[in-house]
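Colleague: If you scroll down you'll find the structure; I have some questions about it.
The values are calculated or read from the model by the stated rules, or taken from the named source; none is laboratory data. Values in this document were obtained by computation on a predicted structure and should not be read as measured data. Heads up, the Cβs are rebuilt from the backbone with ideal geometry, glycines too, and the neighbour counts pull from every protein chain shown.
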Amino acid sequence: MARRFGVTFDYRCPFARNGHESVVAGMRAGRDWDVTFLPFSLDQVHVEEGDPAVWDRDPAERGTGVSALCWGIAVRDEFSDKFLDWHLAVFAARHEEGAKIAKDEVLAEITSSVGLDPAAVAAEVASGRPLKTLAQAHTDAVKNHSVFGVPTFIVGEKAAFVRLMDRGNPDDVDRVLDLLEWSDLNEFKHTSVPR
């Protein structure tokens, strides 16, 4: 039986990159996982109480991560056969090349690089559906699992924010999933990480 789990992402977080590269490596290696990729806005996390949510603001005032999340949702939902390639390409562009992933022209280049039509993805983003999906996914993650950051791994009713130090290691994901099943563990945090 497949291990079913969700994992949150915002392309600006290097630890999200580490976790997601490990998840994708496991999927591509044939791990029996049923994964839901859950967009989560780090811009929204920093909105002051009483201020409008990022998805209720004018596009120029939404923050630096919302556009990339909307493009990611559009690819995930409408061009799913290319999602894993696109997902990794955005993380790499942001964290290896320092690309400004808040800019639609940069996202269009990434989209083209994985064999997708940027105009088709941009049209889906412009429909407004991805922004509504982001609002719902983020709100549900906070309400149902008290999510506050990325990556958070979610299995059933259990959720854990995790910072993996390595990328592309599916065994790390299996360890996280095993720990999520340990109901008596509340917190485990290294006081320092030797590197």
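Colleague: Kindly list, by first and then second residue, each pair from a residue in the range 172-195 that is within 24 Å of VAL24 (Cβ to Cβ) to a residue that is among the charged types (D, E, K, R) and surrounded by 10 or more Cβ atoms within 10 Å (Cβ to Cβ), limited to pairs with Cβ atoms under 7 Å and residues at least 6 apart or on different chains.
Modeller: From the range 172-195, the pairs are ASP172/ASP166; LEU177/ARG3; LEU180/LYS158.
Colleague: If you don't mind, another one. Between a first residue in the range 52-76 that is aromatic (Phe, Trp, Tyr) and a second residue that is surrounded by fewer than 24 Cβ atoms within 10 Å (Cβ to Cβ) and not in a helix (DSSP H, G or I), which pairs have beta carbons less than 8 Å apart while being 6 or more apart in sequence or on different chains?
Modeller: Qualifying pairs under 8 Å: TRP55/ARG62.
Colleague: Residues that are touching a His at 6+ places or on another chain (Cβ under 8 Å) and not polar (S, T, N, Q): which helices (runs of 4 or more DSSP H) entirely in the range 17-104 hold 1 or more of them?
Modeller: 66-78, 83-96
Colleague: Got a number for residues in the range 52-69 being surrounded by 21 or more Cβ atoms within 10 Å (Cβ to Cβ) and under 22 Å from GLY98 (Cβ atoms)?
Modeller: Here the count works out to 6.
Colleague: Still on this structure, I have one more. So, in the range 37-51, of the ones that are touching a residue at least 40 places away in the same chain (Cβ under 8 Å) and of a type outside the set (A, V, I, L, M), which residue ends up farthest from HIS138 (Cα to Cα)?
Modeller: The extreme case among them is PHE37.
Colleague: Looking only at the range 130-143, count every residue that is among the charged types (D, E, K, R) and free of Cβ contacts under 8 Å to residues at least 40 places away in the same chain and tell me the total.
Modeller: Residues meeting the conditions: 2.
Colleague: Identify all residues within the range 155-169 that are in a loop (DSSP other than H, G, I, E, B) and β-branched (Val, Ile, Thr); write none if there are none.
Modeller: Listed by number, the list holds a single entry, VAL162.
Colleague: Now for a different question. Kindly indicate which of GLU96, GLU124, GLU49, GLU78 is surrounded by fewer than 21 Cβ atoms within 10 Å (Cβ to Cβ), out of contact with any helix residue (DSSP H, G or I) (no Cβ under 8 Å at 6 or more places or on another chain) and modelled with pLDDT of 95 or more.
Modeller: GLU96
Colleague: Give the residues of the range 160-187 that are among the acidic types (Asp, Glu) and buried (at least 19 other Cβ atoms within 10 Å of the Cβ), sorted by residue number.
Modeller: ASP172
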